[in-house]
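S.K.: Provided herewith is a single structure, encoded as structure tokens, for subsequent inquiry.
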Amino acid sequence: MKIIKATLVIFFFCSFSVVYGQNKKTSFLVNGKCEMCEERIEKALDIKGVNFASWNVETKMCNVTFNQKKITEKEIHKILAEVGHDTPLCKASDEAYNGLHRCCHYTRVDSLK
């Protein structure tokens with residue numbers, strides 16, 4: 001009986017470490033200006049593979065926890081660029097940026113990729 005309990009405990013901890021090890025936390029700059037931007041950014045990241053996403057209006061920082069087996073960090077940046085927000089890894093197309101509400105137009109920097 002003790003062997004069975006010990007085996008179950010070991011199995012539980014091994015399973016937990018495998019699942020936990022797939023998650024990654026990251027923070028990066030996402031250009032935006034207002035609460036509408038916050039809603040758009042967080043809604044865009046409400047997808048499979050992203051466990052948590054929060055963007056701060058004052059700091060312009062986006063905190064994301066994601067499953068590395070389901071989505072890459074580069075894909076997260078691309079998703080944000082597709083909805084009009086420049087990140088350090090991806091620049092939004094002019095069409096996506098121009099599609100933002102006027103109050104959401106942030107100052108763009110040419111050095112983005």
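Throughout, read-outs are computed from the coordinates displayed, never taken from laboratory work. Predicted model, so just to flag it, every value in this text is computed and none were measured. Please note: Cβ atoms are built from the backbone with ideal geometry, for glycine as well, and neighbour counts cover all protein chains shown.
S.K.: Restricting to segment 88-104, give me the number of residues that are surrounded by fewer than 15 Cβ atoms within 10 Å (Cβ to Cβ) and in a loop (DSSP other than H, G, I, E, B).
M.R.: Total satisfying the criteria: 4.
S.K.: Using beta carbons and a limit of 8 Å, which pairs, at least six apart or on different chains, have the first residue in segment 38-51 and closer than 16 Å to HIS85 by Cα and the second one in a helix (DSSP H, G or I) and not hydrophobic (A, V, I, L, M, F, W, C)?
M.R.: From residues that are closer than 16 Å to HIS85 by Cα, the pairs are ALA44/GLU82.
S.K.: Go through segment 65-87 residue by residue and tally those that are buried (at least 18 other Cβ atoms within 10 Å of the Cβ) and charged (D, E, K, R).
M.R.: Residues in segment 65-87 being buried (at least 18 other Cβ atoms within 10 Å of the Cβ) and charged (D, E, K, R): 1 in total.
S.K.: From the residues in segment 51-91 that are small (Gly, Ala, Ser) and more than 11 Å from the chain's Cα centre (by Cα), which one is nearest to GLY32 (Cα to Cα)?
M.R.: GLY84
S.K.: Could you go through segment 68-87 and let me know if any residue there is touching a Cys at 6+ places or on another chain (Cβ under 6 Å), within 29 Å of ASP110 (Cβ to Cβ), assigned to a strand (DSSP E or B) and not basic (Lys, Arg).
M.R.: Checking segment 68-87: not a single residue is touching a Cys at 6+ places or on another chain (Cβ under 6 Å), within 29 Å of ASP110 (Cβ to Cβ), assigned to a strand (DSSP E or B) and not basic (Lys, Arg).
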